[in-house]
1. Give me the net charge of LEU330's neighbourhood, meaning all other residues with Cβ under 11 Å from the Cβ of LEU330; Lys, Arg count +1, Asp, Glu -1.
2. To the nearest 20 Debye, how big is the dipole of segment 470-544 about its Cα centre, given +1 on the beta carbon of each Lys and Arg and -1 on that of each Asp and Glu?
3. Dimensions of segment 262-330 along principal axes (Cα, Å, largest first)?
4. Run down the aspartates and glutamates and flag those whose C-alpha is under 15 Å from the C-alpha of LYS678, throwing out any fewer than 8 positions away in its chain.
5. Would you calculate a helix-derived [θ] at 222 nm for the chain, using -39,500 (n - 2.57) for each DSSP H run of n ≥ 4 and dividing by the full residue count, to the nearest 500?
6. What ranking do 76-83, 179-186 get when scored by the average of other Cβ atoms within 10 Å per residue, highest first?
7. Output the peptides 534-543, 665-674 sorted from most to least packed, where packing is the average of other Cβ atoms within 10 Å over each peptide's residues.
8. If packing is taken as the average count of other Cβ atoms within 10 Å, what order do 294-306, 26-38 fall into, highest mean first?
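We did not get these values from a lab; they are worked out from the coordinates using the rules stated. Here the structure is a predicted model, which is why all the values come from computation and not from measurement. Here the Cβ positions follow ideal geometry from the backbone for every residue, glycine too, while neighbour counts run over all protein chains shown.
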Amino acid sequence: MRASGLLLLAGFFAALPIPAQQDPASRPLAIDDQFDLRGLGSPVISPEGDWVAYTLSATDAEQESSATRLWMTRADGTGDPLPMTREGESVGSPAWSPDGRFLSFTASRGDDSETQVWVLDRRGGEAWALTQVEQGIQDYAWSPDGGRLALVIRDREEDDSTWTSDRQKPWVVDRLQFKRDRVGYLTDTRRSHLYVFDVATRELRQLTDGDRDEGNPVWSPDGTRIAFTSNRTADPDTNSNTDIWIVDADASEPVTDPRRVTDNPGADASPAWSPDGGRLAYTTVIRPDLIWYATTHLAVVNADGTGGRVLTEAMDRNVSSPEFSPDGRLIYFGVEDSAENHVAAYDVDAGQVRRVTSGPLSIRGMDMSRRGQMVVRLARTDLPGDVYRVDGSEAAATGGEASASLHRLTSVNDDLLSRVALGEVREERWESEPGVQVEGFVHLPPDYEPGRRYPLLLRPHGGPVSQYAHGFNFEAHLFAANGYVVLTPNPRGSSGYGQAFSAVLWADWGNPDFKDVMAGVDHLVAQGIADGDRMGVGGWSYGGILTNYVITQTDRFKGAITGASEVLYISNYGHDHYQLQWEAELGLPWEGDNRETWERISPFNKVQDVTTPTLIMGGEKDWNVPILNSEQLYQALRRRGIPTQLVVYPGQSHGIGPVSYRRDRHQRYLDWYDRWVKGEGTAPVS
């Protein structure tokens with residue numbers, strides 16, 4: 001299950017601090033504690049490496065609102081973190097000016113409802129709007145000399161004087177991909193292009209043009225070129241391609257034909273320049289025919305488009321966010337591996353990959369100063385996420401040390417964590433079928449007693465190509481706090497274990513993954529941890545889909561909860577936003593024997609076998625997995641006399657946002673499981 005070709009180094013971080021000790025009188029985790037948890041964004045380190053900026057998102061449960069504030073702390077760990085923006089106002093995309101004097105961020109403030117780039121002096125004072133673009137900006141990047149910004153701006157919306165009614169104008173659709181969750185019908189034909197903004201004169205110059213979207217601008221070290229990503233195929237709706245392109249930053253007129261650097265039919269993204277400007281590192285998908293089952297690799301190409309090569313194919317793990325070391329000898333990147341997320345590095349001279357960090361944790365978000373200091377966002381099963389400084393990254397990357405050491409710079413949730421009791425989280429492995437090893441996590445109640453059997457909840461993850469990692473799982477901790485043992489497995493189809501492990505689920509949903517999760521259940525029962533007569537199952541998105549497979553194939557679970565799930569797949573064709581993926585995996589439903597595949601893997605066609613009381617939930621305006629699926633499952637179970645309820649959250653898409661709805665959903669989870677799994681109470685929630 002570990003990567004071949006990636007040097008996985010044993011050992012833990014010498015400087016990794018011990019979790020805060022819990023007060024013996026601390027209380028169990030409660031539903032509303034989720035609103036006291038603060039979410040930390042990816043840190044950005046100043047050019048000289050002395051300061052680290054980051055965002056913190058906080059929820060006001062009473063006002064049912066949230067805001068994201070900008071903070072700053074010293075990279076040496078001294079002093080207290082400093083708030084840089086006002087409480088209650090939201091900001092995003094923090095960045096340092098190249099001289100390290102200014103912090104920039106995006107926000108919509110005051111009378112301007114559009115998103116602009118704002119700037120503040122890190123030494124103090126109020127922020128001011130640097131840009132004043134009529135339609136707002138979508139992304140930005142500082143030039144190396146700090147004199148310009150690369151901006152991504154969507155075309156202006158043109159007034160349509162032909163529609164004179166007070167009613168909303170009809171949606172007119174003429175493209176293949178015509179719907180997206182959280183957006184709805186895709187009728188907006190405006191495009192996003194690159195612009196250059198002069199900081200001194202405030203002049204704005206359009207850099208690219210044409211009927212294509214561009215994004216992710218990255219300046220070359222000398223400030224003469226900008227690399228970016230774009231899908232410039234004949235019909236982007238028919239594929240998942242993006243390529244990397246380069247445009248002259250000083251072009252006086254908009255460029256419609258920038259220089260193409262990559263030509264892989266899959267997604268090439270996240271470009272990063274080498275210090276000498278001669279090469280670009282990037283991420284690439286070389287098997288786009290496998291859609292989301294394909295592994296994302298690290299690649300490099302010369303800036304003139306020659307010499308492109310994939311560097312991590314033998315490693316067979318998803319990578320992200322490449323960045324060259326200041327001397328160009330190393331390419332650092334994020335790697336997802338067997339329920340962990342780490343920093344790894346490719347040694348350009350040795351042609352070898354080594355892990356820089358190690359241990360049971362999850363690192364997402366990495367930044368490096370021009371002197372090579374590195375900071376990351378780190379989470380563990382007992383820690384929602386904090387900023388850590390990485391020391392010794394180069395030594396670890398080149399084989400001089402076993403792993404880098406990490407030093408904690410923030411403690412954003414320690415106050416809450418010191419007041420609640422969290423149970424132990426164990427990483428477990430079991431054999432499913434001969435030769436198939438599966439991994440997952442077991443959350444135990446805080447007062448767990450060895451030798452006692454507890455009610456078990458099986459909670460599959462979404463995706464299906466995703467993974468439970470060594471991060472903080474509030475929901476699992478909440479269930480454990482209410483007396484359940486919680487199994488969160490990574491069955492076949494999950495990421496983090498190689499392309500073949502994911503792709504085995506191709507057009508075979510609910511078969512290998514069902515076997516894997518049930519083997520995990522049996523593993524816990526055999527250990528004497530779980531009570532096989534008191535078990536529940538449930539999940540959201542693909543977690544709900546796998547739940548549907550479980551309850552159509554076994555009656556071992558006393559209660560089930562399926563959220564935002566699919567059940568009769570043919571009904572989603574032309575209705576949800578996955579047309580490209582449906583056609584790639586199952587084929588056009590009217591051609592050949594394809595319809596048989598659509599029907600074979602649809603849980604609805606075995607709904608007559610369901611005996612498990614099932615709570616069904618979803619959002620009214622979910623175009624990812626439309627509520628139609630939940631309605632069909634509810635109608636079938638209700639018609640058959642199986643205890644069931646349908647809960648639809650008004651106005652919600654695939655994710656449930658408002659505080660009152662999130663609180664309601666978790667309370668319904670606990671009530672349903674308590675009623676049917678524990679046998680407590682006599683009636684379903686209303």
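1. Values: positive: ARG329, ARG354; negative: GLU323, ASP327, ASP347, ASP349, GLU394.
Cβ neighbours under 11 Å give a net charge of -3.
2. Working: 3 positive and 7 negative charges, 21 e Å.
So the dipole magnitude of segment 470-544 works out to roughly 100 debye.
3. Computed over the Cα atoms, the extents are 35, 22, 18 Å.
4. Within the straight-line cut-off, LYS678 pairs with ASP531, ASP533.
5. Numbers: 10 runs with 93 residues, N = 686.
Per the formula, -4000 deg cm²/dmol.
6. Numbers: 76-83: 11.1, 179-186: 15.1.
With the highest mean Cβ count within 10 Å placed first, the list reads 179-186, 76-83.
7. Numbers: 534-543: 25.5, 665-674: 19.6.
Taking the mean over residues of other Cβ atoms within 10 Å, the ranking is 534-543, 665-674.
8. On the way: 294-306: 19.4, 26-38: 16.7.
Packing order, densest peptide first, comes out as 294-306, 26-38.
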